[in-house]
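The values are calculated or read from the model by the stated rules, or taken from the named source; none is laboratory data. Nothing here was measured: the structure is a model prediction, and the numbers come from that model. Using ideal geometry, Cβ is built from the backbone for each residue, glycine included, and neighbour counts are taken over all protein chains shown. Just the protein is used for accessible areas: all its heavy atoms, side chains included, with ligands, DNA and RNA removed. Shrake-Rupley method; radii C 1.70, N 1.55, O 1.52, S 1.80 Å.
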Amino acid sequence: MFNWNMAVVWLIVLVACLVVEIATLGLSSIWFAIGALAATVAALLNFPLWAQNTLFIAVSLVFLFFTRPIAVKYFNKDRVKTNAESLIGKQAIVISEIDNLQGIGQITISGQEWSARAAEDVTKFPVGAVVEITAIQGVKLIVKERKEGM
């Protein structure tokens, strides 16, 4: 005799995980959907609830830890950085002095002006300095002194 009640619960968990995965496309819940599938089969085979829960957790974690790095590698290999993300590592020219203590500074890169701050609070960059973009914080680009040879 099948344990339909728990099988239905696990199927609901499975569908919820799949809906979240489809909505986010971030490989965030597919692993738990696989665990829920395993728990559904266990419920249909009349495994006790503790075994279903253990199977759900174990299968989810095994798939998460052993297959996620491989999946991320293959799904993100052709990912193109977009917008501001593509600016990291590039050079820009300071068009308004960068001074973190005063909270001022602007740079230009590819014809666009951006607010900028120095990576280190004590560093100031004068107008005309060439800097390297290291990060993005909100709408501000974080810059440091340009490496030689670039």
Long-range amide H partners of residue 100 with built H, under 5 Å: 118
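Label the stretch 87-147 by shape, choosing from rounded, prolate and oblate, from the square roots a ≥ b ≥ c of the eigenvalues of the Cα gyration tensor; if a/c is under 1.5 it is rounded, and otherwise prolate applies when a/b is larger than b/c, oblate when it is not.
On the way: a/c = 1.27, a/b = 1.22, b/c = 1.05.
Because its axes are fairly even, with a/c under 1.5, the stretch 87-147 counts as rounded.
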Integer Hz, Karplus 6.51/-1.76/1.60 couplings in order for the stretch 87-101, x for Gly and Pro: 7, 4, x, 8, 9, 9, 10, 6, 10, 8, 2, 9, 9, 4, 5
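So if I place +1 on the C-beta of Lys and Arg and -1 on the C-beta of Asp and Glu, and nothing else carries charge, what would the dipole magnitude of the chain be about its Cα centre? I want it in debye, nearest 20. Walk me through the numbers on the way to the answer.
Values: 12 positive and 11 negative charges, 71 e Å.
Around 340 debye, computed over the chain.
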Cα-based Rg and Dmax for the chain, where Dmax is the largest Cα-Cα distance (Å): 25.1, 79
For the stretch 26-35, 3J(HN,Hα) per residue [Karplus equation, 6.51 cos²θ - 1.76 cosθ + 1.60, θ = phi - 60°, Hz, x = Gly/Pro]: x, 6, 9, 10, 4, 5, 6, 5, 5, x
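Any chance you could run the full-extension gain for residue 136 through residue 102? It's 0.36 nm times the residue separation minus the Cα-Cα distance, nm to one decimal.
Working: separation 34, 0.36 × 34 = 12.24 nm, distance 1.89 nm.
Additional length available on full extension: 10.3 nm.
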Residue-level accessible surface for residue 4, protein heavy atoms, 1.4 Å, Å²: 150
